Amino acid sequence: MQLLPKVGSGVAKTAKDQAFCSVATIHSEVNLRLGTRYFREMVDKFGSFEYALAAYNAGSNRVDDWLGQGKYRDPQEFVESIPFTETREYVQAILRNANVYRQLYGTP
């Protein structure tokens, strides 16, 4: 997990997590706890892992903008239309890896 200091601070305030400071993002325990919480917030907000992954990488405001610009038939079409190459490839890589893990280990 990796959080920008501003995002980490906001998540920590919401979680009432006193362990956070900008230096705390280098501590794996704090980073994992807050990063997981932030991703859960994005899943709750957008309702799909594809949108949440894009928001985690590029920011929720950008995903709001992208969703407002087009009518997508499904999340996969949204992923293909992400205008930032880095974000599009990030989402595609995570989804591809999740599929590989499901094939290897089954669905939890």
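Between PHE84 and GLN2, the simple spin-label model (points 7 angstrom out along Cα→Cβ) gives 1.2 nm. Residue order by solvent-accessible surface for TYR38, TYR90, TYR101 is TYR101, TYR90, TYR38, largest first, with ligands and nucleic acids left out and a 1.4 Å probe.
Zone of ALA98 (label point 7 Å along Cα→Cβ, backbone N under 14 Å): which residues in the stretch 36-50? Residues 39-50 fall inside that zone. For the stretch 22-97, a/c is not less than 1.5, where a ≥ b ≥ c are the root eigenvalues of the C-alpha gyration tensor, and a/b tops b/c. That puts it in the prolate class.
The ARG37 and TYR105 beta-carbon pair, evaluated with R₀ = 25 Å, returns a calculated FRET efficiency of approximately 0.50. For GLU89, what is the net charge nearby, where nearby means another residue's Cβ is under 15 Å from its Cβ and Lys, Arg count +1, Asp, Glu -1? Residues near GLU89 contribute -1 overall.
The slack between LYS45 and GLU29, meaning 0.36 nm per residue of separation minus the straight C-alpha distance, is 3.3 nm.
May I ask for the net charge around PHE39, where only other residues with Cβ less than 13 Å from the Cβ of PHE39 are counted and Lys, Arg are +1 while Asp, Glu are -1? Computed value for this residue: +1.
The values are calculated or read from the model by the stated rules, or taken from the named source; none is laboratory data. Here the structure is a predicted model, which means the values were calculated and not measured. Note that we place each Cβ from the backbone using ideal geometry, even for glycine, and neighbour counts take in every protein chain shown. Just so you know, the surface numbers come from the protein's heavy atoms only, side chains and all, with ligands and any DNA or RNA stripped out. Shrake-Rupley method; radii C 1.70, N 1.55, O 1.52, S 1.80 Å.
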